[in-house]
Structures are given as C-alpha cells and as structure tokens.
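Encoded as structure tokens, the structure appears first; notes follow it.
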Amino acid sequence: MKNSLKIGQVRGIRIEVNYSWIIIFVLITLSFATVYFPANFPQWPPYIYWFLGAVMPILLFASVFLHELAHSLVSIKYGIPVPKISLFIFGGMAHIQKEPDTPVKELFIAAAGPLMSFFLFIFFSFLTSIFNLLGLSSIVTVPLFYIANVNLILAIFNLIPALPLDGGRILRAVLWKWKDNFQMATRIAANLGSGFSYILILTGLLFIFNGNLMNGIWFIFIGGFINQSAQQSYQHSNIKTLFEKITIKDLMTPSVISIHQHMYLKEVIEEYFYIYKHSCFPITEGEEVLGIITLDDIKKVSKELWDTTKVTAIMKTLNENLIILYNEKAFDAFQKIMSNEVGRLLVYHNNKMIGIISKTDILKYINIYNELH
Ligand SMILES: [Zn+2]
C-alpha cells in the first residue's frame, strides 16, 4: 500500500511525506489558531490566527527536512547512497542505505543533523532580534522566534546520547573508535536508548494521571518508538558482526536427502517426512533438481488424494529465489531466506546442488553464538 506522497527530489534523494503527517498538520494548526495565538496575541485579526496556524507546521516540517538533508548530504559525500528522506508523524528519517564502515564516518553523518538544527536556531534567533530592533509587527517576529526555538529543541532532543537518536550514534562512534569494538559500542548506546525510552513512557503516564492526556499519549508513543528502534539497532549489530565471521559452508547442511520425481505423496510422507523428520525435500531426476516440496504443500492436499498425487504436481518449481551460490555472502543467504516463501535455500556449486540451508538452521546458529558470547 502506498502511504507516502513524493513532494520533490534533491540531489537524487526522493523526498516523501507520509500521510500520517496530515494529522500533525491539523493538530498543530488547531492548537495555535484556536488556543495559543488568541490567548497571547488578542490584538491580531482572526484570519491571521489561521494563516500563521497553518504556517507553523510547515516551518516545523522544513526544519525537520533540513536536519535530515544534512545527514544525507554528508552520507552521500562518504559514498553511502541515500535513496529517500521520509517525513512522518514523529519527524523525519533519512534512509541511509547501509551503516557507515568506520566510526569517523558515523560520527560526521550523525553530527550533521543536530549541527544544521543548531545553525538554524542561531540564524532565526538573529533574524528575530533584527526584526524586533527594526520594530516589525509581532505577526512576523513571533513565527520566526518559534522556528528558532523549534530548531533548538530538535538539536537538543536529537543529541540525547541514546540510540536511535543522533546523540546515540555519536556516542557509539566515539566508543567504537576508542574501544575498537562496534558491537560493544552499539550495546551501550542501545541500552541507553531503552533506558531513555522508559523515562519517556513513565513521563507520559504521569501526564495522563495529571489529566494531560494529549501530552501523555505523545510521550508514550515516542517512547515506544525509541524503545523498538534501540532494540532493532542492537539486534542488527549482532547479526552484522556474526555474519562477518561465517560463510555459507558453516550454515548449510551437506548431503541433502532428495525425493525422486515419480513418487506419490503417501510414500513420501511415510518414507521421507516421518523417517528423516525434515519439513522440506528437493525433488530430483538424477542429479538435476526440479523443485522443492514442503510439509505445507502436502497439508494443502486432502488425505484421500495422497495415494494418487505425484510430488511433481504440488512441488514449487526451482527458481532464483530458492538458490544461493556457494561463494555468495552468508548475509545474502540470510536476507534471501527471510524473504522467500519456503524459508530454505539450495546451495549450488558448479551447477550442482551441494547443500541446503533453512531459516531454522540460521536462527539456531545465531542462538548458539549468542549463548557463547
Ligand atoms: Zn538526526
């Protein structure tokens, strides 16, 4: 489902706005136009409340966008592509294609966003002061003053040293450089991220108990989001570190048991599935693999037909998504296996099947590794 709208392109980066952002636009406009402006600037005409009310979320939006653009441009400078920047309900995200391979790159990419926000804060504060000195109307200076403060808040919030925030990335880069251990650095920054997310959630609950429902929900929402991202960062770093050390050979089961193409389901269930207790077998004719049959495929056929149905009638025909070459990277196998429909890959070398890898094999490997480290 398409839930974003493309609004432009900068240096090959696609700029997208998620539809959830409309909710923020309406909420911010309403609260400025109906509550905040009328209470603080009774001298303004009512249409100005609504006009500036609508300008405020756009300024916020532009600030978030420039923050993300700063991250993206530094990333591109280091040769790491950024296909898109998306702006959504919590703010924005630059989709940096892969994690930087050195702490110095990570540090500069992470620091660029808060630096941009801080620069915008100085710039708009300066502009506000000049306009105030020139005696310009509050209709001009108030939005500028706001946008200056929004940028200051963006800079400070993002510098909190907790993954996935920029401050967490900066902390991780420094620890990574200092201790030369990416995984440990990620663990510390991600733990701080989880800790910080619990503080946000507790603060949200306190707000709710004191009758401030809107702020409460907001804090809990952001807390939950940070908590989830912190854990993902940590798991991702674990998997990344692990996969640098292993090869397809470590993951695969050699000497695959395969089923001849002329067999019927009943024989196969009794002579293969019950005997070897695998939930999947390749179907072969001589040395050539024709496809794969899984327990799920068999379950779809009613029992009365097991006697008369051949395996070839219900197998999944061999295709690109079911194969990995022996010399490919273990991480590629992992990604392919997580996305293909059978959770398995046949390993090929010199046009011959030499092994099989299942999702369970990989998860077991990861578990054993985690137990030992
Ligand atoms: Zn940032």
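The values are calculated or read from the model by the stated rules, or taken from the named source; none is laboratory data. All values derive from a computational prediction rather than experimental measurement. Neighbour counts run over all protein chains shown; Cβ positions are idealised from the backbone, glycine included. These accessible areas exclude ligands, DNA and RNA; they are computed on the full protein's heavy atoms, side chains included. Shrake-Rupley method; radii C 1.70, N 1.55, O 1.52, S 1.80 Å.
Defining a contact as two alpha carbons under 8 Å apart and six or more residues distant in sequence, what relative contact order in percent does the range 61-220 show?
Contact order relative to length: 17 percent.
I want the antiparallel fraction of DSSP beta bridges within the chain, as a percent rounded to 5.
Bridges in the chain that DSSP calls antiparallel: roughly 75 percent.
Residue by residue through the range 347-362, what is 3J(HN,Hα) from phi via Karplus (6.51 cos²θ - 1.76 cosθ + 1.60, θ = phi - 60°)? Round to whole Hz and write x for glycine and proline.
Whole-Hz 3J(HN,Hα) from phi for the range 347-362: 9, 10, 8, 6, 6, 10, 6, 10, x, 9, 10, 10, 4, 4, 4, 5.
How large, in percent, is the carbon and sulfur part of the accessible surface of the range 239-373 at a probe radius of 1.4 Å?
In the range 239-373, the share of accessible area belonging to carbon and sulfur is 53 percent.
Any idea of Glu270's accessible area? Nearest 10 Å², probe 1.4 Å.
Approximately 100 Å² for this residue.
Helix 213-245 versus the longest principal axis of the chain: what is the Cα-based angle in degrees, 0 to 90, to the nearest 10?
Its long axis makes an angle of about 40 degrees.
What is the log10 of I(q)/I(0) for the chain, computed with the Debye formula using one identical point scatterer on each Cα and no solvent, at q = 0.08, 0.10, 0.15 Å⁻¹?
-0.61, -0.83, -1.28
Can you tell me the accessible area per residue over the range 190-238, all protein chains present, probe 1.4 angstrom, in square angstrom?
Counting only protein heavy atoms, the per-residue value for the range 190-238 is 59 Å².
So, with +1 on the Cβ of K and R and -1 on the Cβ of D and E, and no other charges, what is the size of the charge dipole of the chain about its Cα centre, to the nearest 20 debye?
Here the size comes out at about 740 debye.
Pairs of alpha-carbon atoms within less than 8 angstrom and 6+ residues apart define the contacts here; what relative contact order does the range 244-373 have, in percent?
Here the relative contact order equals 28 percent.
Suppose we keep just the DSSP beta bridges with both residues in the range 242-373; what percent of those would be antiparallel, to 5?
Rounded to the nearest five, the antiparallel share is 75 percent.
Counting only protein heavy atoms and using a 1.4 Å probe, what share of the accessible area of the range 53-165 belongs to carbon plus sulfur, as a whole percent?
Accessible surface attributable to carbon and sulfur in the range 53-165 totals 79 percent.
If each DSSP helix of 4+ residues adds -39,500 (n - 2.57) and the sum is divided by the residues in the chain, what number results at 222 nm, nearest 500 deg cm²/dmol?
After summing the helix terms and dividing by the residues of the chain, the value is -19000 deg cm²/dmol.
Using Cα atoms only, what is the angle between the long axis of helix 182-209 and the major principal axis of the chain, expressed in degrees (0 to 90) to the nearest 10?
60
Accessible area of the range 1-50 with a 1.4 Å probe: how many percent of it is carbon plus sulfur?
68
Just need the relative contact order of the range 136-195 here, percent rounded to a whole number, with Cα pairs under 8 Å and 6+ apart.
Relative contact order, the range 136-195: 27 percent.
Check which residues have an amide H placed less than 5 Å from Lys84's amide H, if you skip close sequence neighbours.
Correct list: Arg14, His95.
For the range 216-330, compute the orientation-averaged projected area of the C-alpha convex hull (one quarter of its surface), in nm².
Its Cα hull, projected and averaged over all orientations, spans 11.5 nm².
Leaving out ligands and nucleic acids, and using a 1.4 Å probe, what accessible area per residue does the range 284-364 come to in Å²?
Accessible surface, normalised per residue, equals 57 Å².
Could you state how much accessible area Lys266 has, in square angstrom rounded to the nearest 10, with a 1.4 Å probe and all protein chains kept in place?
80
In Å², and per residue, what accessible area does the range 1-61 have when probed at 1.4 Å with the other protein chains present?
61
On a 0 to 90° scale, report how tilted helix 330-339 is relative to the longest principal axis of the chain, with both axes built from alpha carbons and the result rounded to the nearest 10.
90
Could you tell me how far the Cα centroid of the range 76-96 sits from the Cα centroid of the range 248-317, in Å?
One Cα centre to the other: 45 Å.
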